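The values are calculated or read from the model by the stated rules, or taken from the named source; none is laboratory data. All values reported here derive from a predicted model rather than from experimental measurement. Here the Cβ positions follow ideal geometry from the backbone for every residue, glycine too, while neighbour counts run over all protein chains shown. Remember, those area values only see protein heavy atoms, side chains included, never the ligands or the DNA or RNA. Shrake-Rupley method; radii C 1.70, N 1.55, O 1.52, S 1.80 Å.
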Amino acid sequence: MQRMQQRSIVTGATIPRFVKGVRLHRDWVRRRNVLLAPERVIALDQPASEILALCDGVSVDAIADTLCVRYRTDRTTVLRDVCTMLQSLFDKRYMAEGTAEEIRQHQVSTPDNPRPDNLPIAVLAELTHRCPLQCPYCSNPFALERDELTTQEWMRLIDEIAGLGVLHIHFSGGEPMARKDLSALIAHASRLGLYTNLITSGVLLTPERMDALMQAGLEHVQISFQDVDAAAGDRIANMAGAHRKKCVAAALVRDAGIPLTVNAVVHRQNLNSLSKIIDMAVEMDASRLEVAHVQYLGWALANRAALIPAEAQFREAMDIVAEAKARLQGILAIDHVIPDYYAVRPKKCMGGWGSQFLNITPAGWVLPCHAAQIIPGLSFESVRQRSLEWIWRNSPAMQKFRGLDWMKEPCRTCEFKEIDYGGCHCQAFALTGDAGATDPTCVKSARHGEVVALAMQESEADNRHFDYRNFLQRVTEDGEWSATRE
């Protein structure tokens, strides 16, 4: 497959088309048009909707001509605005220059069915906690689940997910490819119009399974990489040969024409490879790179002293990413998730607790985020006993930190309260013992100084020892075993 080496410039002669894995969609719950893309749901205003609806195999000049006739306005202005709007999509690799290929647009036959309140946009479907890797920062809980939902239960649940107005479904784990019914589940979701994303380690992907996933309608794949160096990556994953298998998987994805995101989880022990990781993503023809600093919850919290970067490392990484974003515009889209402990403002919890996102565990428990089970006193509901819509609307756990009423000071009177919603409640509990406290990574928290000092102290100690995630037990890097934490 030919790798993209330079930025495409939109002109009047360009014939724009959507790339595979990007499509227009009618959001029937919210009565709007959206663009579904890897890791993104982009709401479209009327002008953007009209422009994209005209991208059906004609040139930008022809699109501008049509709009000029429709609105009786100046053609030079219209052409400029159309080129500007489409250029932004080309730069994100959502569109490319084509021929008369028909636009990939999903037409929803169901009429608009608006709802009076907010409903989730995305679902993380954790199909299993089984995984051949043992990453020391895994987001799965210490108490890994064995009682997985059956194929029939997931099929019924996917029906409910689509009926609730969800747009994106992310198939994850553990390693979702450990489930033999993965292709069937993706095919069912695709038939219902859901945007399907596979979040995988890649180590179980074969040509035969790639073909089955492609036939099922899979629209995007995200593969995690531990390092650019094979030995270092295998050590972090605690699996010999893992990096080589990931590289093979990335090639299979791109040869299938499916857009690829390289997910590079970075920390003190691999940040020095960041520039090479970016180069690797370009060489793999990834459309997107997520440089994701470890979030210190669960297994990552247990290994924080071995993972947390020094502040100088973090600042250097910021510069490297900024330079790469400018240099690779239109070639590789880069998202940078910074480490919370060095932040000034906290990240809002999954777009707001119980606001846009829900997580379904392998056994069918419904959570507002993947780590919520660490918070004591919250009672979670199961899809085996309740409908998904009932849980979203009525579950006390979903409502606990939804909105603003739960807030204490300084959040209650903060000018950012409807932007970050107080930050991460799981992190607040992990660091203060109070999930309702201001996330202490926020500069307005009275505990913020303690967090920064802790980060500096642990990073300077330069502990390199990992406690690995394991389904049966925790295994230490020196080979000693200990009972799984409950």
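Quick notes on this structure:
- Using a Förster distance of 35 Å, the FRET efficiency for Asp229-Thr151 (Cβ separation, nearest 0.05): 0.35
- Each residue was assigned an accessible area with a 1.4 Å probe, and for His293 the value is about 10 Å².
- At the residue level, Asp439 shows approximately 0 square angstrom of accessible surface with a 1.4 angstrom probe and all protein chains present.
- Positive contributions from Lys and Arg (+1) and negative ones from Asp and Glu (-1), summed over other residues with Cβ under 12 Å from the Cβ of Gly352, come out at +2.
- Projecting label points 7 angstrom from Cα along Cα→Cβ for Val443 and Ser275 puts them 3.0 nm apart.
- Top positive-direction residue, dipole computed over the chain with Cβ charges, set Ala64, Pro362, Val262: Ala64
- Each residue of segment 239-248 was assigned a 3J(HN,Hα) from its phi angle through the Karplus curve 6.51 cos²θ - 1.76 cosθ + 1.60 (θ = phi - 60°); the sequence is 8, 5, x, 4, 4, 4, 5, 5, 5, 4 Hz, with glycine and proline shown as x.
- Ranking Glu50, Glu97 by solvent-accessible area of protein heavy atoms (1.4 Å probe, all protein chains present), from largest to smallest, gives Glu97, Glu50.
- Accessible surface of Glu148 - all protein chains present, 1.4 Å probe, nearest 10 Å²: 40 Å²
- Sequence of Val452, Val344, Val253 from largest to smallest accessible area, 1.4 Å probe: Val344, Val452, Val253
- Between Arg191 and Arg464, the contour length at 0.36 nm per residue exceeds the alpha carbon distance by 93.6 nm.
- Filter on Lys92/Lys246; Lys246/Lys276; Lys325/Lys347; Lys276/Lys348; Lys92/Lys180; Lys347/Lys400 - keep pairs with C-alpha separation over 27 Å: Lys276/Lys348; Lys92/Lys180
- Taken as Cα centroids, segment 292-322 and segment 373-437 sit 25 Å apart, rounded to the nearest whole angstrom.
- Placed amide H near Ile334: partners under 5 Å, 5+ positions off or other chain: Leu289
- Sulfur and carbon atoms: percent of accessible area, segment 200-284 [1.4 Å]: 55 percent
- Our estimate of slack between Val337 and Arg244, defined as 0.36 nm per intervening residue step minus the Cα-Cα distance, is 30.9 nm.
- Ligands, DNA and RNA are left out, and with a 1.4 angstrom probe the accessible area of segment 381-440 is 46 Å² per residue.
- Charge dipole (debye, nearest 20) of segment 168-287; +1 at Cβ of Lys and Arg, -1 at Cβ of Asp and Glu: 260 debye
- Secondary structure note: in the chain, about 40% of the DSSP beta bridges are antiparallel.
- Computed [θ] at 222 nm, helices only, for the chain once each DSSP H run of length n ≥ 4 contributes -39500 (n - 2.57): -10000 deg cm²/dmol
- Amide hydrogen proximity for Gly98: with H placed 1.01 Å from N in the peptide plane, the residues at 5 or more positions away or on another chain lying under 5 Å are Ile15, Arg17.
- Linear extension gain, Ala453 paired with Arg72, 0.36 nm per residue minus alpha-carbon span: 131.0 nm
- Debye, to nearest 20: dipole size of the chain, +1 on Lys, Arg Cβ, -1 on Asp, Glu Cβ: 660 debye
- Solvent-accessible heavy-atom area per residue, rounded to whole Å², over segment 39-82 at 1.4 Å: 55 Å²
- Accessible area, probe 1.4 Å, largest first, for residues Arg31, Arg469, Arg40: Arg31, Arg40, Arg469
- Label separation (Glu311 vs Val344): 1.3 nm, computed from points 7 Å beyond Cα along the C-beta direction.
- Taking all protein chains into account, the per residue accessible area for segment 207-334 stands at 34 Å² (1.4 Å probe).
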